[in-house]
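Okay, structure first, notes after.
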Amino acid sequence: MSADRSPATPKIKLPRANLIMRSSSENCVADNLECSRMTVAVRIRPLLVKELHMDVSSIEISPDRREMKVNDNAKSYTFKLDHCLGQDTDQTSVFTIIAQPLLDAAFNGYNVCLFAYGQTGSGKSYSMMGDNLDSSLKETTGIIPRFCHQLFDQIPSNMVAQVKISYLEIYNEFVYDLLSSERKALKVRESPDTGIFVSDLSVHGVSSFSEMQKWLSEGNKARATASTNMNDKSSRSHSIFQIQLTLTEDTGSSVTQKCSQINLVDLAGSERVAQTKATEERFKEGRNINLSLMTLGQVITNLSDHSAVPPYRNSTLTYLLKVRLKCLGWGPNPGLPIHQASSLTMALSYW
Ligand SMILES: Nc1ncnc2c1ncn2[C@@H]1O[C@H](COP(=O)(O)OP(=O)(O)OP(=O)(O)O)[C@@H](O)[C@H]1O
């Protein structure tokens, strides 16, 4: 995960950049033994028809796709990232570049986490889910259904896989189970044995892509969405699709098992509340979304510069993902450029 930032923060006139951050960490018992690696990609979406006449900042991507230059009036700002994906990058390439390495890591027993972050309307949900959930993959299918499809394709013939899923959303700081018929706020609890968990969250065993997809569709329908002034189909909640993958190999003389926890997170869009002609309810949603994204940025900053104890408990999102986030700051690899990532995360929160 990396980004260099120019001294001033650019104000991009149109939210077209969504960040996709991924991390993998070894599945060790003690948190502080986990080793981690984080990668950040920025994806620029094409202009929508209604935006073609708008005055937008031009964005240039270097030939090696590691640098992005944003030209805004007379100023320009340069960001360095692991991957800069321009508006011509299709969903297949996004999956191959960003998600396939995570899936490979999960098959090797790593816990993995992927976040989509960006202002409302910047293309997070399109990147994560895409705009169809048909039984077969289409070009517009996003990362999560592709991940599920590839997961079943990739199970080695000498192994037995057990796959369990959960799908939750955090809306106005409360956790809801997207795969339960009953919509009630669930409690986040902590225990010495299991760590932090959502009490009463349903867990479903799945044995095929089509089964997984059925649950995904179900969850997506339940996800709280509301129209805002900025995006007709705006997601007002953070969603987390969780997969527990257990691979067992029985050679006759020995049995080995690899377990991985996979978290695929579509964050709610950050936005400048004043810009959205918000009603009271929308205002409250926007304030909660911004608060949790600010906390996420703060946690990443504190993890990178060790300046203070990260305020995990200040938002449900960071509290729930504490273990996954915590491992980022404790990797044995001191070269982990997380400090650069945090500046980009903070920068994007202003865009
Ligand atoms: N790479 C892309 N190619 C074509 N269309 C895209 C692309 N990315 C996003 N879009 C379109 O842009 C619009 C906004 O995208 P999307 O809903 O994914 O934004 P978002 O960041 O998830 O917003 P919110 O946080 O409000 O839910 C949608 O109409 C979507 O189909």
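Rule-based calculations on the coordinates, nothing more; no lab input. Owing to the predicted nature of the structure, the values given are computational and were not obtained by experimental measurement. Because the Cβ atoms are built from the backbone with ideal geometry, glycine has one as well, and the counts that use them run over all protein chains shown.
At 37 °C and 0.692 mPa s, what whole-number value in µm²/s does Stokes-Einstein give for the translational diffusion of the stretch 72-126, with Rh from the Kirkwood sum over Cα pairs? Rounded, D is 238 µm²/s.
First obtain the Kirkwood hydrodynamic radius of the stretch 144-195 from its Cα pairs, then insert it into the Stokes-Einstein equation at 25 °C and 0.890 mPa s, and state the resulting D in µm² per second as a whole number. Mind showing how you got there, number by number?
Numbers: Rh = 14.1 Å.
Answer, rounded: 174 µm²/s.
By counting other Cβ atoms within 10 Å of each Cβ, how are 49, 175, 299 ranked from fewest to most? Write out the running numbers ahead of the final one.
Numbers: 49 7, 175 23, 299 27.
In order of increasing Cβ crowding within 10 Å: 49, 175, 299.
Taking amide H as placed 1.01 Å from N in the peptide plane, residue 238 has its amide H under 5 Å from the amide H of 170, 268, each at least 5 places away in sequence or on another chain.
Among 112-124, 190-202, the peptide with the highest mean count of other Cβ atoms within 10 Å heads the list, and the full ranking is 112-124, 190-202. Taking 19 Å as the limit for the C-alpha separation, the pairs 124/221; 124/284; 187/258; 138/214; 50/75; 184/221 exceed it in the case of 124/284; 187/258; 50/75.
Computed from backbone phi with θ = phi - 60° and the Karplus coefficients 6.51, -1.76 and 1.60, the 3J(HN,Hα) list for the stretch 247-261 is 10, 10, 10, 10, 8, x, 9, 8, 10, 10, 9, 10, 10, 9, 9 Hz; x is used for glycine and proline.
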